[in-house]
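Below is one structure, written out as structure tokens, with a few remarks after it.
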Amino acid sequence: MPINILMPALSPTMEKGNLAKWLKKEGDTVKSGDVIAEIETDKATMEVEAVDEGTIAKIVVPEGTQDVPVNDVIAVLAGDGEDVKAAGAGAAKPAPKPAEAPAPKAAAAPAPAPAPAAPPAPAPQAAASSAPQANGHGRIFSSPLARRLAKEAGIDVARIIGSGPHGRIVARDVEGARSGKGLKAPAATPAGGPTLAPSMSDQQVRALFEEGSYEVVPHDGMRRTIAQRLTASVQTIPHFYLTIDCDIGKLLTAREEINKQAPTDKDKKPLYKLSVNDFVIKAMAVALQKIPNCNVSWTDGGMLKHKHSDVGVAVAMPGGLITPIIRKAETKTLSAISGEMKDFAARARARKLKPEEYQGGTTAVSNLGMYGINHFTAVINPPHATLLAVGTSEERPVVRGGKIEIAHMMSVTLSCDHRAIDGALGAELIGAFKGLIENPVMMMV
């Protein structure tokens, strides 16, 4: 019996992926564990291994296909002794699920195509309805294409007036909504509730600039994910910020001495070379152990108090950033942290990180010191309750005992989730960090 090869879920939140490349072709024999394809998620490119043995009878989804839903059939495998041609001939994409039934032909037009003429306006009673009703529970009916187009345009599908059968929202309705047509008024804000300014539509933004004066660069999956997560963060997490200056003179001296004493390989190259950021990661990890009420994640049902300090570290990469995580960082040596970070950074830029290497964590560090930035604030990345923004180290005049001296200073700013951490508690954490980073030997105690 033919075996269906499905689009795998490479992370708990993955819904779709891009089939970047087939590493096997139709007619190839594969065995369990063979790498057969490369799948792109919003953050990484991952290899897919065969689970069963057999011959690839049919490739259903060609390489280069984007937004392939999880669990869709991407290829068919003929089992041992099975007729390969027969297995391939019987391969077909699965029928659409009832909840995602195809929309009418008019709704299936590609996004750039001109929208067909809108049907007659609905009767006044229907137009007054706040949303299309189907079962008395306010469910909004819309085609999959319409939902995707609305998401890409940044339009709340609940605000679009549907023109399809029974008020169903179809692609032409979204196209009309892009230009401000066929939109319901925003829902009234409850008394005392927050007021969020509506975002401008694509057309509204483009109308502010001369035609031909700009180039439209489509967002990739990573950029969309960053936008969605950080927008949700600033809208749902009450941030507050604490800044402190740290004298890292002792750290720089210790770093220089440790790097001088580093063992070498057979080619006389040092096995490690510590950076200031390695000390920052270690200090933040140990500080969270000293102030355990800050090593938390907020959930509506209760506070998650973490036993270990899993420190995410922001790594810039083409088109965005990713935050690989040093697990149990409080237990690791500086050289081990340095080695992990070098490996993570290289694989992150090649989009080769595994989901478990960048998902989760209990805090994060973002360091822009190498760009000459001396102070900035950063947006918390859920499920973290804190994020440490690190500026450059520089020589500054400081007053000690009534005298002006020159010291190597570094400013850091702690972003805190006020739901989980109050001001005094956050001050304890950044104070603990300062004590450790200024006296690095205390990280080893």
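Shape class of region 403-445 from the Cα gyration tensor (axes a ≥ b ≥ c, square roots of the eigenvalues): oblate, since a/c reaches 1.5 or more and a/b does not exceed b/c.
Near Leu23: Cβ cut-off under 11 Å, other residues only, Lys/Arg at +1 and Asp/Glu at -1. The net charge is -3. Normalised by the number of residues in region 243-283, the average gap of Cα pairs under 8 Å and 6 or more apart makes the relative contact order 34 percent. Taken one residue at a time, the phi angles of region 267-283 give Karplus couplings (6.51, -1.76, 1.60, θ = phi - 60°) of 8, 6, 8, x, 6, 7, 9, 5, 10, 4, 5, 4, 5, 4, 4, 5, 5 Hz. Gly and Pro are set to x. Between Glu152 and Thr253, the distance separating the two model label sites (each 7 Å from Cα on the Cα→Cβ line) works out to 6.0 nm.
GluC sites (Glu not before Pro), restricted to region 1-39: which are DSSP loop and have at most 15 other Cβ atoms within 10 Å?
Answer in residue order: Glu15, Glu26.
Note on Gln203 and Glu15: the model spin-label points, each 7 Å out from Cα along the C-beta direction, lie 2.5 nm apart. Other residues within the sphere of radius under 10 Å centred on the Cβ of Glu53, judged by their own Cβ, net out at -2 (K and R +1, D and E -1). Computed 3J(HN,Hα) for region 65-74, one whole-Hz value per residue from the Karplus formula 6.51 cos²θ - 1.76 cosθ + 1.60 where θ = phi - 60°, is 6, 9, 6, 7, x, 4, 6, 6, 6, 10, glycine and proline marked x. For Phe240, the residues 5 or more places off, or on other chains, whose built amide H falls under 5 Å of its own are Cys416, His418.
Each residue of region 31-46 is assigned a 3J(HN,Hα), and the resulting list reads 10, 4, x, 5, 7, 10, 7, 10, 10, 9, 9, 5, 10, 8, 10, 10 Hz, derived from the Karplus form 6.51 cos²θ - 1.76 cosθ + 1.60 (θ = phi - 60°), x at Gly and Pro. The label point for Met442 and the one for Asn293, both projected 7 Å from the Cα toward the Cβ, are 2.0 nm apart. Residues whose amide H comes within less than 5 Å of that of Ile160, counting only those at least five positions distant or on another chain, are Lys184 (H built at 1.01 Å from N in the peptide plane). Using Cβ point charges alone (K and R +1, D and E -1), the dipole size of region 331-445 about the Cα centre works out to roughly 340 debye. If you take the Cα centroid of region 1-60 and the Cα centroid of region 218-256, the two points sit 35 Å apart. Let a ≥ b ≥ c be the square roots of the eigenvalues of the Cα gyration tensor of region 215-254; is it rounded (a/c under 1.5), or, if not, prolate (a/b larger than b/c) or oblate? Oblate, because a/c is 1.5 or more while a/b does not exceed b/c. The protection proxy used here, the mean number of other Cβ atoms lying within 10 Å of each residue, ranks peptides 357-366, 309-318, 206-215 as follows, highest first: 357-366, 309-318, 206-215.
According to the square roots a ≥ b ≥ c of the eigenvalues of the Cα gyration tensor, what is the shape class of region 331-433, taking rounded for a/c under 1.5, prolate for a/b larger than b/c otherwise, and oblate for the remainder? Verdict is oblate for region 331-433. Under a 5 Å amide H cut-off, with hydrogens placed 1.01 Å from N, Leu6 pairs with Ile74 among residues at least 5 apart or on other chains.
Where a number appears in this text, it was derived from the coordinates with a stated rule and is not lab data. A quick note: this is a predicted structure, and the numbers were derived from the prediction, not measured. Backbone-built Cβ (ideal geometry, glycine too); neighbour counts: all protein chains shown.
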